[in-house]
Amino acid sequence: MEFGVAMPDWAEGEQKKLPEYLKTLEERMRVVHRFARLNVEHDTGGPFAAGVFELKTGRVVSIGVNRVVPGRCSTAHAEVMAIALAQKRLGVHDLGGEGLPDHQLVVNWLPCCMCFGATLWSGVTSLAIAGSDGSLEEITGFDEGPRIDNAKELAKRGIEFFDNILKDEAIDTFKLFRDSGRLVYNGRGGGACIPVPADAP
Ligand SMILES: [Zn+2]
């Protein structure tokens with residue numbers, strides 16, 4: 001047995017358009033926002049994207065988007081996709097392993113309870129997000145799970161943390177998702193059990 005979740009077909013072409021290095025945090029976040037928006041426009045998953053970059057050089061290691069519904073996988077959140085793709089590409093299980101440069105995870109919102117755990121175990125030494133207030137849950141209805149003091153927990157583990165990077169673009173993507181009427185697979189109130197047709201993308 002084996003499991004894997006593929007990125008959508010459009011992603012490879014989009015990734016080829018990217019420069020090898022994205023020097024600034026804003027440049028990295030802009031790419032993450034674009035992938036999140038494209039994921040909504042193509043109807044290939046939830047309104048989320050994440051990227052793993054070499055912290056200092058900005059080398060693009062991986063970009064992931066949410067694939068929960070098309071991938072039939074409740075853990076296929078953008079952060080998990082990006083982390084797994086980065087580890088696969090580098091052939092490691094720990095992005096903070098010996099001999100590796102520092103890595104940064106960039107996400108278009110505060111990771112949910114699962115992805116926050118995945119971030120801690122990934123080996124990244126830096127996390128940058130577009131926002132962390134209640135906007136995501138208010139606009140889309142997604143359940144982000146129980147919250148802890150994220151900033152404190154990251155600091156305790158030596159992971160630097162940047163919040164509110166190009167926040168408005170994240171809000172725009174969430175509104176686009178809401179207005180498109182797409183499935184909120186784990187909405188508060190039990191939306192996770194809506195069946196997906198077998199021929200869904
Ligand atoms: Zn998540």
- Relative to the compact-globule estimate 2.2 N^0.38 Å (N residues), the Cα gyration radius of the range 1-65 stands at a ratio of 1.14
- When DSSP assigns beta bridges and you keep just the ones with both residues in the chain, what percent turn out antiparallel, to the nearest 5? 65 percent
- Using Cα atoms only, what is the angle between the long axis of helix 113-122 and the major principal axis of the chain, expressed in degrees (0 to 90) to the nearest 10? 30 degrees
- Query: Using a basic spin-label model with each label point 7 Å from the Cα along Cα→Cβ, how many nm lie between Ala151 and Met1?
  - Reply: 4.2 nm
- Applying the Karplus parametrisation 6.51 cos²θ - 1.76 cosθ + 1.60 with θ = phi - 60° to the phi angles of the range 135-146, what ³J(HN,Hα) value in whole Hz is obtained for each residue in order, glycine and proline being reported as x? 4, 4, 5, 5, 7, 9, x, 5, 8, 8, x, x
- Message: What's the magnitude of the charge dipole for the range 11-184 around its Cα centre, counting Lys and Arg as +1 and Asp and Glu as -1 at the beta-carbon? Answer in Debye, nearest 20.
- Response: 420 debye
- Calculate one ³J(HN,Hα) per residue across the range 164-176 by plugging θ = phi - 60° into the Karplus curve 6.51 cos²θ - 1.76 cosθ + 1.60, and present them in order as whole Hz with x for glycine and proline. 6, 9, 6, 4, 4, 5, 5, 4, 4, 5, 5, 5, 4
- Spatially proximal aspartates and glutamates relative to Lys23 (Cα-Cα < 12 Å; intrachain offsets below 8 disregarded): Glu54
- Message: My understanding is that a pair violates if its Cα-Cα distance is over 23 Å; which of Lys16/Lys88; Lys16/Lys167; Lys56/Lys88; Lys56/Lys175 do that in this structure?
- Response: Lys16/Lys167; Lys56/Lys175
- Semi-axis lengths (Å, descending) of the ellipsoid that matches the C-alpha gyration tensor of the chain: 24, 19, 17
- Task: Report the one residue of Leu18, Val52, Ala155 whose Cα lies farthest in the direction of the positive end of the charge dipole of the range 11-184 (charges on C-beta: Lys and Arg +1, Asp and Glu -1; origin at the Cα centre).
- Result: Leu18
- Item | Spatial separation of Cα centroids for the range 161-183 and the range 103-122, in angstrom | 17 Å
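Taken together, the values in this text are just the output of simple stated rules run on the coordinates, not laboratory data. The structure displayed is predicted, hence computed values, not measured ones. With ideal geometry, Cβ positions are generated from the backbone for all residues, glycine too; neighbour counts draw on all protein chains shown.
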